[in-house]
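This report refers to the structure that appears directly beneath it.
Each reported figure results from applying straightforward, stated rules to the coordinates on display, with no laboratory input. If you're wondering where the values come from, they're calculated on a predicted model, not measured in any experiment. When we count neighbours, we look across all protein chains shown, and the Cβ atoms used for this are built from the backbone with ideal geometry, even at glycine.
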Amino acid sequence: MKNTFFGAFYLSLAASIWGGMYVVSKYVLDFVPPFTLVWLRYAIAFVVLFGILKVHQYKTKARLSLRKQDWLLLGWIGFIGYFVSISLQFVGTKLSDAHTGALITSATPAFIVLFARLVLHEWITLRKAFALLLATIGVVIVIGLDNSGGTSFWGNMMLVGAALTWALLSVYVKVASTRFSALTITTYAILFALLFTTPVMIWELYEQPVSFPSMIVVFGVLYLGIISTAGAFFLWNKGMEMMDAGIGSLFFFFQPLVGAVFGFLFLHEQIAASFYVGGLLIIIGVFIAVKHPIHQHQSKEGENYGHTSL
């Protein structure tokens, strides 16, 4: 029960941070192009996480030994999740529109349940299916089905790809968590994502200028790197480590819910009655999913290397 509670808390907090992140990124993107901003986020996040990881290893006298297959797994997580998924989300949203983008990427939990069945052989129970359906209906109600703003077919396809690849990330994080701590997974996966993003960032800088006209932009970049990348990625991976992947996926629905609240508070966007109805369904769906403890028996990195995982 303890793992279920803390896993739910970590996942809720991560999704909530991502839900409010667009308020900051929307402002910063006026001065920093998207792939350059992603690269800066990863560079800052890696420095922070690598420092924390080394301090932890020094205090616990732990030694980390990575085999070839471990590097391949961490590289795959960094590539498919932090590079491909985020890139598809950026480009897809640009070609489509934010309204449709939020709706499509909110399908991620359904893909996680599917991949958890295929990769992890987790059963799709009736309770899990009902909770997923209820939360999905809630997201549709919150975001709405009005498509009058116009969309791009290829943009929508990229957004579907973003949802699929983030689902794969979450499942393979679950695989990696049987051997490594969430801190180790997040740190090295972000390192690989940084390497993969570098060529695209260099190309982008030739096409678009970067400016930091005020300290607000600088603080915005630092916030995106430290809080919404290092912090939120770690929390999401930690939460997925502690919970069943199919049930943990439901907490992704907090992203559009919190995003709507932040949009109302900071961007003065209007909240309709449907927001409250949909939000209630999301909360009920998540409650149904986690009301029974999930018992998992995993070997942590601490068991393999003589220390307790963060």
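Starting from the 7 Å offset along Cα-to-Cβ, what nm value, one decimal, do you get for the label separation of residue 58 and residue 70?
Label-label distance for residue 58 and residue 70, simple model: 2.1 nm.
Holding the Cα-Cα limit at 24 Å, pick out from 26/238; 128/238; 26/128 the pairs that are longer than that.
Numbers: 26/238 27 Å; 128/238 21 Å; 26/128 35 Å.
Long pairs (Cα-Cα over 24 Å): 26/238; 26/128.
Dividing the alpha-carbon Rg of region 170-243 by 2.2 N^0.38 Å yields what?
Scaled against compact globular proteins, the figure is 1.37.
Please compute the modelled spin-label separation between residue 195 and residue 277, points set 7 Å along Cα→Cβ, answer in nm with one decimal.
5.1
Would you mind calculating the gained length between residue 26 and residue 119 on full extension (0.36 nm times residue separation, minus the Cα-Cα distance), in nm to one decimal? Let's see the in-between values first.
Values: separation 93, 0.36 × 93 = 33.48 nm, distance 3.57 nm.
Length gained, residue 26 through residue 119: 29.9 nm.
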